[in-house]
Amino acid sequence: MKIDATQPLEYGTEENRNRIFGFWLFLGAEIALFATLFTVYFVLVNRYASGPSGAEIFELTPVLLETFLLLTSSFTIGLAIHAMRLGLKKQTMMFIVITLLLGAAFLGIEIYEFFTYVHEGLTLSTSAFASSLFTLLGTHGAHVAFGLLWGSVILIQLKKHGLDHSTANKSFIFSLYWHFLDVVWIFIFSFVYLKGLM
Amino acid sequence: MKWDEFFVTGDPLIYGAMVSIVLVSLAILFGLTYYKKWGYLWREWLTTVDHKKIGVMYIICALLMLFRGGVDALLMRAQTAAPEMKFLDAQHYNEIFTTHGVIMILFMAMPFIFGLMNVIVPLQIGARDVAFPKLNAISFWLFFAGAMLFNISFIIGGSPDAGWSAYFPLASIEFSPTVGNNYYSLSLQISGIGTLLTGVNFIVTILKMRAPGMTLMRMPMFTWSVLITCLIIIFAFPVLTIALLLMMFDRLFGSQFFTMANGGMDMLWANLFWVWGHPEVYIVILPAFGIFSEIISTFARKNLYGYTSMVMSMVVISALSFLVWAHHFYTMGQGAMVNGFFSITTMAIAVPTGVKIFNWLFTLHKGRISFTTPMLYSLAFIPIFTIGGVTGVMLAMASADYQYHNTMFLVAHFHYVLIPGAVFAVIAGFHYWFPKVFGFRLNERLGKMAFWFIAISFNVTFFPMFFLGLQGMTRRTYTYSEETGFGPLNLLSMIGAIGLAIGFILLVYNIYWSTRYQPRDKTGDPWDARALEWSTPSPVPVYNFAVTPKVKGRDAFWFAKKNNEPLSDEKITKIHMPSNTGKPFVLGVAFFFLGFFLVFSWWTPSIIAGIAVLIILATMSFERDHGYYIPAEEIVQTEQKLRGDTV
Ligand code: HEM
Ligand SMILES: [Cu+2]
């Protein structure tokens, strides 16, 4: 393994650099994936049949809270990578823990939201609009849930091995993933909720 | 669900298939045990991360699937060979044309191409392996899990029956109540994830792992075609992922995406399917173009004419391939403006395609052509594919397509592009690169015999379909009456299909014959070829290149041979290799069961299998494996043994 000491840890080996580049490509595919979901949503948004429309069920407060939690978590994962670059293992882990907690809180509110929708008569099979809404939000939420598991696995490895080429690389890639989920949420917030509330 | 619903019952053909599956499986189990090959199978194949072996496994599966899809085809042709045949009933016929289409495109053509690119691309760019060898194994096992899942459908639960394009509302739970289309969505989903990962893997490999001196514009054309194909994969496959997900939700969880009530929109499926589906046909055809480019330039003994325009035309094709999808449903009422737009973009694709055809012709011009088997396939490809392309342009004219759409004319068109394009290419590539992998060539006489059978029978089978289509015979009809007059041409087509079958049997026989009797090749370069893969000994040692070659221009190996210069003057040093792992295989098994349980909506087992998948992924993440080194002396010895001289 050739090590390049002029680079930050996560870029230190050829394999590490390839992984990061590969992950960017994977994010390209993820963009295509969410773009398709958004398209489906926009096509079906006005087809709420006899069920409620977006304007009737969306509420700003929980959504604002979700946005706040997820944006903050994006900030804290940034701090984690910053700490990692400084070689501070404990702070890195701490910021990842905070990120995951914020993510879990986000997910909690989202699940609560789903329950209220169902309560108000909007289920997956109510209308095409409902199906596309749940699928778009659900896919994003499933990504967050997967992120929570992934982040925990990385935390354990950080604890066991400290900051080295492998763990630094994984943490960095995880941070890319997390930022990406944040970006997707911003689109959901603006084009699903804000537009739906208008 | 009762047991007699679980297994498909009542059809002697299916009973026959069940018996033969059981017998073959028993024979395999017995053989492995008797010859004590379990350990060998596990160590050398199931756990391998070597791109060459993974490639070989892809190709073996593809050949098996070619057989399966071919049997489907023969059954269809037999049923339609004469009016009012009673060989298959309507439902069975529907299932067979569906599985034929899915298998041939997704489980035959794609894996065959993936197999060739796995074996060849790292060698062509002078790399030791792909960028992520373990991920590569995962891709393969996901493909394999998907393929197996799809194939068991015809004995367990029933096959999908709504066509390979699975249009809604036909494919909905209301009109296709069997589990068949659940198999469709889940097996394609699983193998699709594998495909996407392959796309990522090969882009990184090609962009980051090239030997020193190999700039992008010095890459062999096959590698270029794979790079562009992988870019298409990255943007097209996520659309399929979503389409299949929504299909699964509609069928399993009662969502309303494609239904006829509650605001659902059946045309949304058609759009999503073809936004992936049209790029998909280019995913199988572009690597084929790459293979032909390699073969034509090798056997014309000339460098490829118009290298830059070859690359540019592929880039243009890949971009346009995303802009033409609506040509698959001109008749479904989206209006003249939309049809006009898609008509123009579709015809525009013929331009870069034409550029490529002329480049191949100019490469042949004044070449010293040797008519080897791979070259014969490449030469036959040019005129036959042109017929396919020209009829494609006919279909592209929206107003005329109202006449041709969903007739046998369309069936003839896409077989005229897919068979000379994709199938001839993979067979040609198979013959061409076979000696690289196994150390001996396939027999030329048998190879040429198979070629003539296949090339002639292909035209006998499919040319009549153009006329059947123009006379009004619709596709996917399981029978027709005497008065229609479709009988004679269909009979002709059946005769051609038998010829094709004989051709493919000859091809397989050739593999057997050559394994036993062909002389071994010591040179590593039996065709006197041009690209880097031929500079290694055959069969290629695990580490590929004893020393990394240095590239000074296009066709690096050819000029090194001519100028009698070594490709590298460096000394052999120890080589780092990734170690084998069984986890990708286990992951594939877990995915298979996850898919299977979901097909039957068995929720508790599904959840358990899903958790198993997550656990396997986590253990993969925890694994800290730094591979191993092959010492320099061992490499020197291997090279001497394989080449019979010193390096
Ligand atoms: C010059 C280039 C081509 C043109 C202009 C063209 C045009 C078309 C059009 C307009 C259709 C739809 C016709 C209808 O449904 O009525 C079609 C169908 C089809 N084409 Fe092509 N095509 C071209 C090349 C190819 C290639 C290279 C492939 C594959 C390697 C291909 C595979 C197919 C398939 C599989 C279908 C039918 C799918 C189905 O409905 O089941 N085509 N083509
Ligand atoms: Cu098309």
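Brief remarks on what is shown
- Less than 5 angstrom separates the built amide H of B:ILE156 from those of B:VAL8, all sequence-distant by 5 or more or on a different chain.
- Accessible surface buried upon B-A contact (total; probe 1.4 Å; Å², nearest 100): 3100 Å²
- Across the accessible surface of segment A:9-197, with the other protein chains kept in place and a 1.4 Å probe, carbon and sulfur atoms take up 71 percent.
- Inter-label distance for B:ARG516 and B:LYS571, nm, one decimal - labels placed 7 Å from Cα along Cα-to-Cβ: 4.9 nm
- 25 Å tail of the calculated P(r), segment A:9-197, as % of Cα pairs: 40 percent
- Surface exposure of segment A:9-197, expressed per residue as accessible area with a 1.4 Å probe, stands at 41 Å².
- For segment B:32-98, the Kirkwood radius over C-alpha pairs fed into Stokes-Einstein at 10 °C and 1.306 mPa s yields D = 106 µm² per second.
- Mean Cβ neighbour count within 10 Å, used as a protection proxy, ranking B:383-393, B:331-341, B:47-57 highest first: B:47-57, B:383-393, B:331-341
- Rg ratio (alpha-carbon, reference 2.2 N^0.38 Å) - the protein assembly as shown: 0.97
- If you wrap the tightest convex hull around every Cα atom of segment B:1-73 and split its volume per residue, you get 146 Å³.
- For B:261-267, mean number of other protein chain Cβ atoms within 10 Å: 6
- Segment B:292-363: Cα Rg divided by the 2.2 N^0.38 Å rule of thumb: 1.43
- Shielded residues, segment A:18-32 - accessible-area loss of 10 Å² or more between chain alone and all protein chains, probe 1.4 Å: A:ASN18, A:ARG19, A:PHE21, A:GLY22, A:LEU25, A:PHE26, A:GLY28, A:ALA29, A:ALA32
- Interface residues of segment B:220-236, defined as a loss of at least 30 Å² in heavy-atom accessible area between the chain alone and the complex of all protein chains with a 1.4 Å probe, are B:ILE234, B:PHE235.
- Within segment B:226-284, the ratio Rg/Rh, alpha carbon atoms throughout and Rh by Kirkwood, equals 1.09.
- 20 Å-binned pair-distance histogram of chain B (Cα, whole percent): 18, 54, 26, 2
- Percent of Cα pairs exceeding the 29 Å cut-off, where the set is segment B:249-408: 34 percent
- Portion, in percent, of the accessible area of chain B that falls on carbon or sulfur, probe 1.4 Å: 70 percent
- Residues B:TRP45 and B:ASN303, FRET efficiency given R0 of 45 Å [Cβ-Cβ distance, rounded to 0.05]: 0.75
- The protein assembly as shown - mean residue ellipticity at 222 nm from DSSP helices (-39,500 (n - 2.57) per run, n ≥ 4, rounded to 500): -23000 deg cm²/dmol
- Counting only other chain Cβ atoms within 10 Å of each residue's Cβ, the peptide B:615-624 averages 3.
- Considering all C-alpha pairs of segment B:218-328, those separated by over 16 Å amount to 64%.
- The Rg/Rh ratio of segment B:435-563, with both radii computed over alpha carbons and Rh defined as the Kirkwood radius, is 1.23.
- Dividing the Cα radius of gyration of segment B:63-159 by 2.2 N^0.38 Å, with N the residue count, gives 1.40.
- Bins of 10 Å from zero: percent of alpha-carbon pairs in segment A:48-96: 25, 26, 20, 15, 11, 3
- Over all Cα atoms in segment B:359-500, the spread is summed up by Rg and Dmax: 17.7, 57 Å.
- Non-local Lys pairs in segment B:26-105, i.e. 8 or more apart or on different chains, that have alpha carbons under 27 Å apart: 4
- Burial here means at least 30 square angstrom less accessible surface with every protein chain in place than with the chain by itself, probed at 1.4 Å; in segment A:129-149 the buried residues are A:SER131, A:THR135, A:PHE146.
- In the full protein context, chain B carries 39 Å² of accessible surface per residue, based on a 1.4 Å probe and ignoring ligands, DNA and RNA.
The values are calculated or read from the model by the stated rules, or taken from the named source; none is laboratory data. The model shown is predicted, which means the values in this text are computed figures rather than measured ones. So basically every Cβ, Gly included, is an ideal-geometry build from the backbone, and we count neighbours across all protein chains shown. The protein model used for the area step is the full one, side chains on, heavy atoms only, and it has no ligands, DNA or RNA in it. Shrake-Rupley method; radii C 1.70, N 1.55, O 1.52, S 1.80 Å.
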